[in-house]
Structures are given as C-alpha cells and as structure tokens.
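Asker: What follows is a single structure, and I will ask about it in a moment.
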Amino acid sequence: MTVSSRESSRLPRRLLTAFGSGAAIGAAGYLFGRLALPGLIGPDAFDGVSVRWSDAVAALTGVALMIGAGAVMVISLDPRRLGRMYGLDEPASAEEGRQVRLQAVVMGFSGLILVLPIVFALAGLAGGLAMGLIVLLFAVHTVLNVRVWRGVDELLRRTTMEAATATFFLGQGLLFLWAAAERLGVLPPLTAWDIYAVLMTLYLMVSAIASARRGLA
Amino acid sequence: MNNRLKVLRAERDWSQAHLAELLGVSRQTVNALETGRYDPSLPLAFKIARVFDQPIESIFSE
C-alpha cells in the first residue's frame with residue numbers, strides 16, 4: 001500500500017470551519033459594536049478617537065492570534081488530545097507538549113505586539129516610552145522565534161518558508177497594484193502601519209493554510 | 001509523490017516515536033510523511049532508505 005501526497009494535500013474541513021466560525025464571530029462583533037455599543041456607552045463615547053481601517057485589521061488579527069495561542073496552550077496540557085490533533089499513534093510526550101507551548105507563546109506574543117501600538121496610541125501613552133516598550137517586546141519575541149526555529153525539524157521549517165514565500169508574492173502583488181493606483185491618483189496613500197497590518201493578516205491566513213495542509217493545525 | 005513508509009514501519013512493528021528517533025525528526029514529521037502531507041528533503045529521504053535498508057526508489061515513487 002502506498003500513500004500519495006497529491007491526495008492528502010486538500011484543505012481540512014477543520015480549518016474551513018475555524019475560518020467560517022471566526023468570520024461569523026467577527027461579523028457579530030462588528031454588528032454589536034456598530035449598532036448596540038453606542039446605545040450602551042453613549043453615542044459620543046468614540047468622539048475624538050482616531051481609528052483607521054488598518055487598526056481594525058491589526059486588532060482582529062492580533063486577537064485571533066492570542067485566542068489561537070490560548071486554544072493551543074489548553075490543548076497542549078492534555079497529551080492525548082494533542083496527540084490526536086497531530087494524528088500521532090500515542091499521546092504526545094512531555095517534550096512535544098513543551099515545544100507546542102513554546103510555539104503557542106510565540107503566536108500569542110505576535111498577537112500582543114500587533115495590538116499594543118493601537119492600545120498605546122489610544123491610551124495616549126508617551127511616544128518614546130511606548131516605542132521603548134514595543135522595541136523591548138519585539139526583541140523578546142525575536143529571541144523566542146529563533147528558539148522555536150532552532151528547536152523544530154525540517155517539516156515546520158519548510159512549512160514556515162512556504163508560508164513566507166506565498167505571503168511575499170501575494171503581498172508584493174497587492175502592494176504593487178496599490179502603489180500603481182496611488183501613483184496614478186486613483187487610491188489614497190498607505191501608511192507603514194496599513195501595510196504591516198495587511199501583511200501580518202495575510203501571513204496568518206497563509207500560514208494557517210500551509211500548516212493545515214501539512215497536518216500541523 | 002507516493003511512499004510506503006507506513007507499511008514498512010508496520011512490517012517492523014515500530015512505533016512512530018521509534019522511527020522518529022531513528023530519523024532524528026519529530027513524530028509530526030513521521031505522521032506527515034506517512035499520510036502523504038509532506039515529501040521529505042533529499043537528505044531525509046536518504047536517511048529513511050538507510051533506516052529501512054532499502055533503495056529510495058522502492059520506498060518513494062512518482
């Protein structure tokens with residue numbers, strides 16, 4: 001009996017369900033914020049608060065990353081469940097659980113540092129102090145990322161590289177089209193934050209698909 | 001690409017953990033190989049061939 005990689009590379013239903021559920025919860029949250037929240041905290045509560053579309057995108061992606069990290073962390077505490085998630089023939093070992101928890105911490109950290117600039121800006125935190133904190137957290141995040149990279153084998157490394165490659169081509173394509181439209185005066189200019197928020201969201205979606213296709217999600 | 005990894009492992013009554021240890025990879029990688037979700041690098045394919053003492057082309061085929 002042989003197994004074929006072509007037959008097994010379809011997107012799992014679990015990921016489609018997760019995307020669908022996330023979209024439904026996001027839509028419900030948007031409707032709540034748009035329709036019900038002004039009635040609860042007052043229609044003028046958001047006056048003077050400057051929130052760009054990219055803030056909403058970054059916040060959504062950041063929260064999704066933190067929720068995902070929390071879910072992985074909970075699953076990692078149950079060796080049988082973790083083993084089932086990865087399709088292993090036995091429960092996950094303590095070392096496998098530890099490695100997954102480190103990956104969950106990095107994922108949650110990615111979400112946190114994506115949300116913090118918005119939170120700091122809305123809270124009116126002094127620019128220098130806020131930026132110092134963000135640089136510090138970014139340094140910690142980078143160290144954790146390197147530790148994950150050094151602790152995994154070729155499967156996860158190749159999955160990461162595939163996600164990065166796909167994100168680059170999709171991202172540069174989108175950026176080129178927007179830049180051309182901007183140069184022609186058809187679309188408004190973007191900020192670095194706008195580009196970064198879209199890039200991270202794109203990377204999250206692409207890496208979720210790449211991981212699911214390899215049986216890692 | 002097709003592979004016979006699961007059959008070869010079953011014939012030797014090895015667990016995924018044992019094969020992963022012999023290959024120096026994670027059990028997730030062994031599972032991904034066995035379910036056809038991942039095609040190994042050339043060095044790993046050679047290692048698999050050595051572990052099962054078979055030529056690569058008898059384990060992997062197009």
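The values are calculated or read from the model by the stated rules, or taken from the named source; none is laboratory data. Remember, it's a predicted structure, so these values are computed and weren't measured experimentally. Glycine also receives a Cβ, built like all others from the backbone with ideal geometry; neighbour counts cover every protein chain displayed.
Asker: Which condition from (1) under 22 Å from A:Y30 (Cβ atoms); (2) within 13 Å of the chain's Cα centre (by Cα) is the one that A:P117 breaks?
Answerer: The single condition A:P117 does not satisfy is (2).
Asker: Return a yes/no flag: does segment B:36-54 have any residue that is surrounded by fewer than 19 Cβ atoms within 10 Å (Cβ to Cβ), at the interface with chain A (Cβ under 10 Å from one of its Cβ atoms), modelled with pLDDT under 95 and not in a loop (DSSP other than H, G, I, E, B).
Answerer: Checked against the condition, which is being surrounded by fewer than 19 Cβ atoms within 10 Å (Cβ to Cβ), at the interface with chain A (Cβ under 10 Å from one of its Cβ atoms), modelled with pLDDT under 95 and not in a loop (DSSP other than H, G, I, E, B), segment B:36-54 yields no hits at all.
Asker: Considering only residues that are under 20 Å from A:W149 (Cα atoms) and either modelled with pLDDT of 95 or more or in a loop (DSSP other than H, G, I, E, B) (or both), which ones fall in segment A:164-202?
Answerer: A:A164, A:T165, A:A166, A:T167, A:F168
Asker: Residue by residue through segment A:91-124, note down the ones that are in contact with a Leu (Cβ under 8 Å, 6 or more places away or on another chain) and farther than 20 Å from A:I75 by Cα.
Answerer: Residues satisfying the conditions are A:L112, A:I113, A:L114, A:L116, A:F120.
Asker: Right, another one. Give segment A:150-207 a look and list any residue that's charged (D, E, K, R) and farther than 23 Å from B:P43 by Cα, or say none.
Answerer: A:E182, A:R183, A:D194
Asker: Kindly establish whether B:E62 is more than 8 Å from chain A (Cβ to nearest Cβ) and free of Cβ contacts under 8 Å to residues at least 40 places away in the same chain.
Answerer: Judged against the criteria, B:E62 is not a match.
Asker: Condition first: surrounded by fewer than 18 Cβ atoms within 10 Å (Cβ to Cβ), at pLDDT 90 or above, outside any helix (DSSP H, G or I) and touching a Gly at 6+ places or on another chain (Cβ under 6 Å). Can you find one or more residues in segment A:92-107 that meet it?
Answerer: no
Asker: For segment B:6-34, how many residues meet the condition of being within 11 Å of chain A (Cβ to nearest Cβ) and touching a residue at least 24 places away in the same chain (Cβ under 8 Å)?
Answerer: Within segment B:6-34, residues that are within 11 Å of chain A (Cβ to nearest Cβ) and touching a residue at least 24 places away in the same chain (Cβ under 8 Å) number 8.
Asker: Could you check how many residues of segment A:145-161 are without any contact (Cβ under 8 Å) to a residue 40 or more places away in the chain and either more than 10 Å from chain B (Cβ to nearest Cβ) or of a type outside the set (K, R) (or both)?
Answerer: 7
Asker: Among the residues of segment A:97-124 satisfying the criterion of being within 18 Å of A:G215 (Cβ to Cβ) and out of contact with any Ser or Thr (no Cβ under 7 Å at 6 or more places or on another chain), which is nearest to the other protein chains (Cβ to nearest Cβ)?
Answerer: Within segment A:97-124, the match that is nearest to the other protein chains (Cβ to nearest Cβ) is A:Q99.
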